[in-house]
């Protein structure tokens with residue numbers, strides 16, 4: 001199951017939940033080495049460190065939405081902030097568990113609001129989940145049910161996906177309704193060797209707090 005079989009380009013073309021589960025279960029064991037390391041996948045570390053820069057002692061526990069193999073979670077080791085991981089792939093969660101940084105890990109379909117823990121988290125992070133072939137604006141809105149009042153949220157969204165699917169419109173709507181506040185969007189690099197002029201290789205990091 002080498003790099004020639006699994007790639008972000010193939011992942012971007014996945015069309016349904018079962019395809020995602022199967023693809024990432026197969027990819028899980030080699031993901032860190034054949035994708036993250038070889039492609040210079042710096043995105044999870046950037047998102048996690050940005051959260052740590054902005055967060056306070058009250059912004060815990062943290063939910064890592066679509067945590068994959070737990071690359072973002074590594075940044076939380078020794079910080080005192082608790083972090084839980086949620087992902088649709090049991091294979092990916094097995095790899096995350098081996099890293100020993102998550103309080104708990106849960107197989108979760110983020111498209112189903114009924115299966116999500118309500119108002120349980122002081123922080124939400126996500127990187128790599130809101131991207132082409134993956135979750136859209138409606139799924140982001142549903143996921144926010146997990147956040148407590150005033151929770152700090154850092155949601156990384158592939159820039160191409162952000163522009164094509166209307167994430168900006170959703171975030172502006174939520175801010176106008178008073179559901180979120182302090183909204184800003186930063187541009188972040190996904191790959192160390194990525195072409196920043198191509199929006200498929202960059203992320204828009206939505207930073208906001210839930211309403212108090």
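Looking at segment 96-111, can you tell me whether even one residue there is in a helix (DSSP H, G or I), modelled with pLDDT of 95 or more and farther than 30 Å from residue 209 by Cα? Taking every residue of segment 96-111 in turn, at least one turns out to be in a helix (DSSP H, G or I), modelled with pLDDT of 95 or more and farther than 30 Å from residue 209 by Cα. The set of residues in segment 151-171 that are surrounded by fewer than 19 Cβ atoms within 10 Å (Cβ to Cβ) and either under 22 Å from residue 114 (Cα atoms) or without any contact (Cβ under 8 Å) to a residue 40 or more places away in the chain (or both) comprises 163, 164, 166, 168, 169, 170. Of the strands (runs of 3 or more DSSP E) lying entirely inside segment 115-212, the ones with 3 or more residues being more than 14 Å from the chain's Cα centre (by Cα) are found at 147-158, 180-189, 202-210. Among the residues of segment 17-73, those that are at pLDDT 90 or above, touching a strand residue (DSSP E or B) at 6+ places or on another chain (Cβ under 8 Å), assigned to a helix (DSSP H, G or I) and crowded, with 16+ Cβ neighbours inside 10 Å comprise 43, 44, 46, 47, 48, 50, 51, 73.
The values are calculated or read from the model by the stated rules, or taken from the named source; none is laboratory data. These numbers were taken from a predicted model, which means no experiment stands behind them. Positions of Cβ are backbone-derived with ideal geometry, glycine not excepted, and every protein chain shown enters the neighbour counts.
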